[in-house]
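I'd like to ask you about the structure that follows.
Coordinate-derived values only; no laboratory data. Bear in mind that the values here come from a model prediction, so they are computed numbers and not experimental data. Reconstructed Cβ throughout: ideal geometry from the backbone, glycine too, with neighbour counts over all protein chains shown.
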Amino acid sequence: MTEPVHHMLAARVLLPAEHFLDSVYTSAELIVGMKKNFGVTLVTPVLMNSSPQARADAGFDRTAFTIDWDKRQATCPRGDTSTWWSPAPQRGTKAIVIKFDKETCRPCPVRDQCTRSKTGGRTLSLQPRELQEVLDHARLQQSDEQWRAKYGTRAGIEGTIHQAVAVTGTGRARYLGLQKSHLEHVLSTVALNLIRLDAWWNGHPLDRTRVSHLARLDLSLTA
């Protein structure tokens with residue numbers, strides 16, 4: 001969805017320096033590709049580490065291991081090194097599987113914090129170097145308060161999209177043909193601008209907080 005849009009903007013010399021995306025569109029490949037092909041930095045949350053250790057916020061997740069890409073080797077938190085490094089496509093995407101020898105992991109005193117395997121050693125799964133480093137950097141960034149405040153800009157974008165769909169019905173074209181549909185979009189944009197200007201001049205907030213049916217029921221029972 002993003003690449004055709006960027007091609008159109010590039011043709012008009014209108015490419016932004018940054019593009020704020022919803023997390024549903026995000027991948028390391030997209031972040032790298034947009035930067036390489038268009039010079040656009042994607043500001044978007046990425047999926048966090050989904051390993052059992054990361055989900056539980058306990059034990060040694062992938063970030064506890066030091067990766068030496070040149071030597072094709074990983075070092076665990078206790079200083080032991082991996083014995084296996086091999087490309088292994090997973091679900092149609094490129095990946096690298098790293099394994100530690102079971103004889104090294106079996107007597108380890110912190111084994112239960114590292115792997116759930118009863119007999120084997122620890123296994124790590126990485127994306128190719130460029131993608132993995134971009135992903136690690138993005139995950140580190142999005143934990144920073146300054147980054148979160150910056151990404152908060154998208155809250156207004158989501159509000160605008162919702163208002164456009166709910167008020168002007170832009171989710172479905174009323175007319176056939178690109179020219180008529182384009183005119184409809186222009187008129188919808190003008191209408192939204194007028195609605196927002198009227199709300200601003202008269203001090204009427206647009207961001208009314210939605211209250212769920214359950215919450216309304218709870219409030220009525222309390223009253």
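Rounded to whole Hz and in sequence order, give me ³J(HN,Hα) for the stretch 118-125 from the Karplus expression 6.51 cos²θ - 1.76 cosθ + 1.60, θ = phi - 60°, writing x for Gly and Pro.
7, 10, x, x, 5, 10, 10, 10
What percent does the relative contact order of the stretch 1-129 come to when contacts are Cα pairs within less than 8 Å and at least six residues apart?
Dividing the mean separation by the residue count of the stretch 1-129 yields 15 percent.
What percent does the relative contact order of the chain come to when contacts are Cα pairs within less than 8 Å and at least six residues apart?
Computed over the chain, the figure is 12 percent.
Of [x] 1.01; [y] 1.11; [z] 0.95, which is the value of Rg/Rh (Cα atoms, Kirkwood Rh) derived from the coordinates here?
Computed from the coordinates, Rg/Rh (Cα atoms, Kirkwood Rh) corresponds to [y].
Further, regarding this structure: Ordered by packing density, taken as the mean number of other Cβ atoms within 10 Å over each peptide's residues, highest first, how do 2-9, 125-132 rank?
The densest-packed peptide leads the list: 125-132, 2-9.
Applying a 10 Å radius around every beta-carbon, put 159-166, 34-41, 84-91 in order of their mean neighbour count, most first.
34-41, 159-166, 84-91
Further question: Which of V110, G92, W69 sits closest to the plus end of the dipole of the stretch 62-114, meaning its Cα is farthest towards the positive end, when Lys and Arg get +1 and Asp and Glu get -1 on the C-beta?
Of the candidates, G92 comes out farthest on the positive side.
Within the chain, which whole H helices from DSSP have a Cα span along their axis of at least 27 Å and a mean Kyte-Doolittle hydropathy of -1.0 or more, if any?
Helices meeting the criterion: 178-202.
For the ranges 75-82, 18-25, 98-105, what's the packing order if you count other beta-carbon atoms within 10 Å of each residue, average per peptide, and put the highest first?
98-105, 75-82, 18-25
With +1 on each Lys and Arg Cβ and -1 on each Asp and Glu Cβ, how big is the dipole of the chain about its Cα centre, in debye rounded to the nearest 20?
In total the dipole reaches around 540 debye.
Using a basic spin-label model with each label point 7 Å from the Cα along Cα→Cβ, how many nm lie between T63 and T83?
Result for the modelled spin labels: 3.0 nm.
Only Lys, Arg, Asp and Glu count, each charged at its Cβ (+1, +1, -1, -1), so figure out the dipole size of the stretch 1-72 about its Cα centre, rounded to 20 debye.
My answer is approximately 160 debye.
What is the magnitude of the charge dipole of the stretch 136-199 about its Cα centre, with +1 placed on the Cβ of each Lys and Arg, -1 on the Cβ of each Asp and Glu, and no other charges, expressed in debye to the nearest 20?
Using Cβ point charges on Lys, Arg, Asp and Glu, the stretch 136-199 gives about 220 debye.
A further question follows. Calculate the length of the line joining the C-alpha centroid of the stretch 124-183 to that of the stretch 1-47, in whole Å.
That distance is 10 Å.
Something else about it: Determine ³J(HN,Hα), in whole Hz, for all residues of the stretch 76-84 in sequence, where each value follows from phi through the Karplus function 6.51 cos²θ - 1.76 cosθ + 1.60 and θ = phi - 60°; x replaces Gly and Pro.
Running phi through 6.51 cos²θ - 1.76 cosθ + 1.60 with θ = phi - 60° gives 7, x, 9, x, 7, 9, 6, 10, 9 Hz.
Now, a different point. Taking the chain as a Gaussian network, where each spring joins two C-alpha atoms under 10 Å apart, which residue of V32, V43, V13 fluctuates the most?
Per the Cα network of the chain with a 10 Å cutoff, V13 tops the list.
Residue by residue, what Karplus-based ³J(HN,Hα) values in Hz, rounded to whole numbers, does the stretch 57-62 have, using 6.51, -1.76 and 1.60 with θ = phi - 60° and x for Gly and Pro?
Values, residue by residue: 6, 8, x, 9, 7, 4 Hz.
If I model a spin label at T160 and R116 as a point 7 Å from the Cα along the Cα→Cβ vector, what separation in nanometres do I get?
Once both label points are built, they end up 4.4 nm from each other.
Give me the percent relative contact order of the stretch 17-80, please, defined on Cα pairs under 8 angstrom at least 6 residues apart.
Reported relative contact order: 23 percent.
If you add up the charges near T153, with Lys and Arg at +1 and Asp and Glu at -1, over every other residue whose beta carbon is less than 14 angstrom from its beta carbon, what do you get?
0
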